[in-house]
Amino acid sequence: MGAVELMRRPGRLADFALLREVPRVIVAHNPVGPLDDPSTSDVLAQVDMVTAALAELGIEATRLAVAGWRIWEDLASGAPPLPPGTLVFNLVEAPAGVPGVHPANAAALELLGLPFSGSSAASLWLTTDKLATRAVLAAEGLPVPAGGRLDGGGGSGHGRDSGGGNGGDSGWLERNGGAGVLDRVPPPWILKPAHEDASLGLDGEAVCATREAALARAAELLWRFPGQPLVVEHYLPGRELNVSLLEATATVTATTAIAAAATPTAASAAAVMAGSSAATPAPAPEPGRNGGGPMSLPVAEIEFVDYPPGMPRIVGYEAKWQPESFAYTHTVRRFPHDAASAPLLEQARRLAVAAWRACGLAGYGRVDLRLDECGVPHVLEVNANPCLAADAGFMAAAEQAGLTAAEVIARILVAAVERHRRLGAPTLQPSHAAVVGAAGPPASRRRQSARRLRAVG
């Protein structure tokens, strides 16, 4: 189905006329090697999904593996010249231990004056730093778990030459005053690197009930992730919810509002595009600094099935990336529709929308929440540019809302075009784009990404 045919569909796709201004999309992503961690090689599944959706939209797509993290050089080194209106779909992620790559790539695109998908460099910098994100959310009055920073006392995290390395003597943390957070935050504690994503560092004994265990875990993580402080939080034992958010662009918001007033059928379609279900309606999008404001897709709950007593119920590294593990096979995603959960789901949506605004997200995002001992939801993570692979959480929520992959990608593209117009960014783009075969590397040469959490109705 081409872009013109897609725009002829009634109601919810009529507003995608802006796609006529996008003749070509560069799908930029981090390079993947044969020995890369599955959390890194997983980006290829996202590239496949996005390029397939662009083909359905009738938009020319070029894959671009950003070598050496210098996207400006890659864009300038190839042919043919970039046609006016070219947009970059930004799938560049940071590999383990190099968190700055993620926002720096977006900053380069901003300096080049190129429109690109997803959140700005500033929002990516913020949400890549879990400690900074916590501070912003708390300043906005949003609930976060009790927690704080743990490092070696030097203020910036310790490296492998600190003397505490690799799970050895952790007494240096006490001597250097780096463990004071354990006095302020009640146990049990969960420890994680402050600047990593994809559950890196959330493996093994990530939840600690005693001070001795927490200090040993901290020493190990500081050795494994040199130069990074740790986030220490009180482990919340309640339900875990994921709220996926899709930007309601100005034209989409207007179109769905008109459609909702027109006919029952159109109203139903508008409700689906707002991410609602019959049992749990989503809040209406509100205009904001990022166009029409975010709209909530159906809220997912993560269930930890048959976890034995004493096993922490967390979506850790094993649950995401190790198919042979118990956590992988017993951690599932479902979409609750029961009336009893409706007030909680509504509260989760509103918190997620508030977190989106506080962190300045754009295009699409996901907010993870967890309930405390009293059933009060707290924001755990704010994910700008979350995974878009076909079987990942964001696309599972979009499917629950009745959206196809092409509709999701079309909305993300329209949001990027509208943001570029609002900013009035000067065009400093290079004269050529590197062409990395539109078909990409052969499937036989790709690392198969691990299956993600199974979606349950």
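The values are calculated or read from the model by the stated rules, or taken from the named source; none is laboratory data. Just so it is clear, the structure is predicted and the values come from calculations on it, not from any experiment. All Cβ positions, even for glycine, are placed from backbone atoms using ideal geometry, and neighbour counts span all protein chains on display.
Things worth noting here:
- Test: residue in region 190-202 that is part of a loop (DSSP other than H, G, I, E, B) and either polar (S, T, N, Q) or surrounded by fewer than 15 Cβ atoms within 10 Å (Cβ to Cβ) (or both): yes
- Any hit, region 421-433, residues being surrounded by fewer than 23 Cβ atoms within 10 Å (Cβ to Cβ), modelled with pLDDT of 95 or more, touching a strand residue (DSSP E or B) at 6+ places or on another chain (Cβ under 7 Å) and not in a loop (DSSP other than H, G, I, E, B): no
- Meets criteria (of a type outside the set (Ser, Thr, Tyr) and within 24 Å of the chain's Cα centre (by Cα)) for Ile71: yes
- Qualifying residue in region 94-104 (condition: modelled with pLDDT of 95 or more and either surrounded by fewer than 17 Cβ atoms within 10 Å (Cβ to Cβ) or assigned to a helix (DSSP H, G or I) (or both)): no
- Qualifying residue in region 56-77 (condition: out of contact with any Leu (no Cβ under 9 Å at 6 or more places or on another chain), at pLDDT 90 or above, assigned by TED's automatic domain parsing to the domain that holds Leu114 and assigned to a helix (DSSP H, G or I)): no
- Lone unmet requirement of (1) buried (at least 19 other Cβ atoms within 10 Å of the Cβ); (2) under 22 Å from Ile409 (Cβ atoms); (3) out of contact with any Asp or Glu (no Cβ under 9 Å at 6 or more places or on another chain) for Trp125: (2)
- Some residue of region 363-370 being touching a residue at least 24 places away in the same chain (Cβ under 8 Å), assigned to a loop (DSSP other than H, G, I, E, B) and outside the structural domain of Leu18 (by TED's automatic domain parsing): yes
- Failed criterion for Thr249 (all others in (1) closer than 23 Å to Gly97 by Cβ; (2) modelled with pLDDT under 90 hold): (1)
- Within region 302-313, considering residues that are outside any loop (DSSP other than H, G, I, E, B) and surrounded by fewer than 20 Cβ atoms within 10 Å (Cβ to Cβ), the one modelled with the lowest pLDDT: Phe304
Yes or no, residue by residue, for (1) surrounded by fewer than 20 Cβ atoms within 10 Å (Cβ to Cβ); (2) basic (Lys, Arg); (3) closer than 30 Å to Glu140 by Cα:
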{"site": "Ala300", "(1), (2), (3)": "no, no, yes"}
{"site": "Val315", "(1), (2), (3)": "no, no, yes"}
{"site": "Pro323", "(1), (2), (3)": "yes, no, no"}
{"site": "Ser341", "(1), (2), (3)": "yes, no, yes"}
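- Selection count where residues are surrounded by 21 or more Cβ atoms within 10 Å (Cβ to Cβ) and not aliphatic (A, V, I, L, M), scope region 63-77: 2
Yes or no, residue by residue, for (1) among the β-branched types (Val, Ile, Thr); (2) farther than 24 Å from Gly424 by Cβ; (3) in contact with a Cys (Cβ under 6 Å, 6 or more places away or on another chain):
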| residue | (1), (2), (3) |
| --- | --- |
| Arg63 | no, yes, no |
| Gly68 | no, yes, no |
| Glu73 | no, yes, no |
| Pro81 | no, no, no |
| Gly85 | no, no, no |
| Val92 | yes, yes, no |
| Asn105 | no, no, no |
| Glu110 | no, no, no |
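Here is a yes/no grid of residues against (1) closer than 20 Å to Trp125 by Cα; (2) surrounded by fewer than 18 Cβ atoms within 10 Å (Cβ to Cβ):
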position: Leu344; (1), (2): no, no
position: Gln347; (1), (2): no, yes
position: Leu351; (1), (2): no, no
position: Ala354; (1), (2): yes, yes
position: Arg357; (1), (2): yes, yes
position: Val367; (1), (2): yes, no
position: Cys374; (1), (2): no, yes
position: His378; (1), (2): no, no
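- Residue check, Tyr328 over 28 Å from Trp125 (Cα atoms) and in a loop (DSSP other than H, G, I, E, B): no
- Any hit, region 335-351, residues being in contact (Cβ under 8 Å) with a residue 12 or more places away in the chain and in a strand (DSSP E or B): no
- Boolean, Ala396 is modelled with pLDDT of 95 or more and not assigned by TED's automatic domain parsing to the domain that holds Ala28: yes
- Leu109 meets all of the listed conditions (1) closer than 23 Å to Glu21 by Cβ; (2) touching a His at 6+ places or on another chain (Cβ under 9 Å); (3) in a helix (DSSP H, G or I) but one, namely (2).
- Within region 24-55, the set of residues being part of a loop (DSSP other than H, G, I, E, B) and either without any contact (Cβ under 8 Å) to a residue 12 or more places away in the chain or assigned by TED's automatic domain parsing to the domain that holds Ser199 (or both) comprises Gly33, Leu35.
- Being modelled with pLDDT of 95 or more and part of a strand (DSSP E or B) holds for only one residue in Gly118, Gly148, Gly141, and it is Gly148.
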